[in-house]
1. If Lys and Arg each add +1 and Asp and Glu each add -1, what is the summed charge of the other residues whose beta carbon sits under 12 Å from the beta carbon of Val109?
2. Which one, Gln248, Phe92, Ile172, projects farthest toward the positive side of the charge dipole computed for the chain from Cβ point charges (K/R +1, D/E -1)?
3. Compare Ile238, Ile278 by solvent-accessible area with a 1.4 Å probe and give them largest first, with all protein chains kept in place.
4. Would you mind calculating the relative contact order of segment 112-205 from Cα pairs under 8 angstrom and at least 6 residues apart, reporting the percent as a whole number?
5. Quick check for me: using +1 on Lys/Arg Cβ and -1 on Asp/Glu Cβ, what's the dipole size of the chain about its Cα centre, in debye to the nearest 20?
6. For segment 159-295, max minus min Cα coordinate along each principal axis, in Å, sorted largest first?
7. Quick one: work out the % antiparallel among DSSP beta bridges in the chain, nearest 5.
8. To the nearest 20 debye, what is the magnitude of the charge dipole of segment 1-97 about its Cα centre, counting +1 on the Cβ of each Lys and Arg and -1 on the Cβ of each Asp and Glu?
Amino acid sequence: MADLSVNLAGIKMKNPVMSASGTFGSGSEYASLFDISKMGALVTKGLTLRPRAGNKPPRICETPAGLLNAVGLQNPGVEAFISDVLPEMLGFGVPVIANIAGSTTDEFVEMARQLSGTGIVGLEINISCPNVKTGGMALGTVPEVAAQVVEAVVKETDLPVIVKLTPNVTNIVELARAVAGAGADALSLINTLVGMVIDVEQRKPVLGNVVGGLSGPAIRPVGVRAVWQVAQAVDIPIVGMGGICTGQDALEFILAGASAVAVGSAFFNNPMAAVRIITELDEYCTKHGVDKLHDLVGAAWKE
């Protein structure tokens, strides 16, 4: 087998395939289908400081080559997660990264404090949430505000800090440079695109929240483009995501500059998607005489 191992800002993984936040539960939901220890890393569902019930239904709607979701970060809160969910996740023997979301910088800092020393290996900061102190504007759409959040979290924890960037901005490179300059150890690209679907018979939006996040193969070209641009602008590793279903899909992100990849919506269609991707990455390396997968990171623009 080829060497598929990854060192993502100090997080050592046996391969680059991670679960995307909000799509894999705690891992136990898939444990009867395949060996979870084969994964490179597990990323938790988005956690908030306090429990959240989420948005009113309907919360999910299929779209052509994609999925629109407006779950609304339903979760038990960080304290309950640490006591009730994390032990099970750690039991799979795979690095666990906690995805955290907040409406203020203080909330992010408090979650980072509580999660440090619990056994997780890193924090993924979801800065796509509305910031109550700026009239509801998403924290991750203003480079200066995003940088303030990242800087505060970095000061609070010794864990690697991965920042998940929204594509719903004019210039994602500017945003990436801002959070990298604030001390981010890695980036996740991309979060979902904002979209909506209307039921023409009822003449109203399908989702209870009206709008939701678009994921799945439809957004893959957007994700690849974002990774391509950002990888050439910052000197920190990138986790690529957005519609990855096969090894070929993953390779597009890796060749564009991603050191690791996260699988999300593909799990709903094929619960074995991660195993397929890992297998196909190994087969590609064997076929093309690639000893270390990491040698392909950014190869599409480095050559």
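1. Net charge in that neighbourhood comes out at -3.
2. Ile172
3. Ranking Ile238, Ile278 by accessible area, largest first, yields Ile278, Ile238.
4. On the way: 144 pairs, mean separation 26.2, N = 94.
Across segment 112-205, relative contact order equals 28 percent.
5. 560 debye
6. Projected onto the principal axes, the Cα atoms of segment 159-295 cover 56, 37, 26 Å.
7. Working: 17 of 43 bridges.
Taking every DSSP beta bridge with both residues in the chain, the antiparallel ones total about 40 percent.
8. 260 debye
The values are calculated or read from the model by the stated rules, or taken from the named source; none is laboratory data. Just so you know, these numbers come straight off a predicted model, no measurement behind them. We place every Cβ from the backbone using ideal geometry, glycine too, and count neighbours over all the protein chains shown. For accessibility, only protein heavy atoms count, side chains too; no ligands or nucleic acids. Shrake-Rupley method; radii C 1.70, N 1.55, O 1.52, S 1.80 Å.
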